Amino acid sequence: QVQVVESGGGLVQAGGSLRLSCVYSGRDSRTFAIGWFRQQPGKEREPVAAVSWSGESTYYEEIVAGRFTISRDKAKNTVYLQMNSLTPEDTDIYYCAAGRAEYDARVAHLVSSWGQGTQVTVSL
């Protein structure tokens, strides 16, 4: 059992940065991997990044590699997604997801729990 709540979205100018937060809780929640997905209206929810419970394994979508960084603060039960050099193509609703392993946190049908989503809008 795990619950996740994300926050930190907002409006930012192209080239700027945002940091999203995902707070997780519940029984054995600290053993779950955490991933980030994003979705535009009418499109499929797509993985962005994921990190294992230990932090040793990470995944990044090729498009965001080098610009986005996923990290864990275990003391705060929080996973962050630092997003730099943002472009209008990054405009999406971003969702936090919990999976039993890193792979399960970046494949939508394997996700155990979803957050409610936070809007990220990047202006020109």
>> Using the Kirkwood formula on the Cα atoms of the chain, what hydrodynamic radius do you get, in angstrom to one decimal?
In response: 14.0 Å
>> Explain nothing, just the number: dipole magnitude of the chain about its Cα centre with +1 on each Lys and Arg Cβ and -1 on each Asp and Glu Cβ, in debye rounded to the nearest 20.
In response: 380 debye
> Contour minus end-to-end for Arg19 and Leu110, with contour as 0.36 nm per residue of separation and end-to-end as the Cα-Cα distance?
Replying inline: 30.2 nm
> What accessible area per residue comes out for the chain, rounded to a whole number of Å², with a 1.4 Å probe?
Replying inline: 52 Å²
> What's the carbon and sulfur percent of the chain's accessible surface, probe 1.4 angstrom, rounded to a whole number?
Replying inline: 48 percent
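The values are calculated or read from the model by the stated rules, or taken from the named source; none is laboratory data. Just so we're clear, the structure is a prediction, and the values are computed from it rather than from any experiment. Virtual Cβ from ideal backbone geometry, glycine too; neighbours counted across all protein chains shown. Keep in mind that these areas ignore ligands, DNA and RNA; they rest on the heavy atoms of the full protein, side chains included. Shrake-Rupley method; radii C 1.70, N 1.55, O 1.52, S 1.80 Å.
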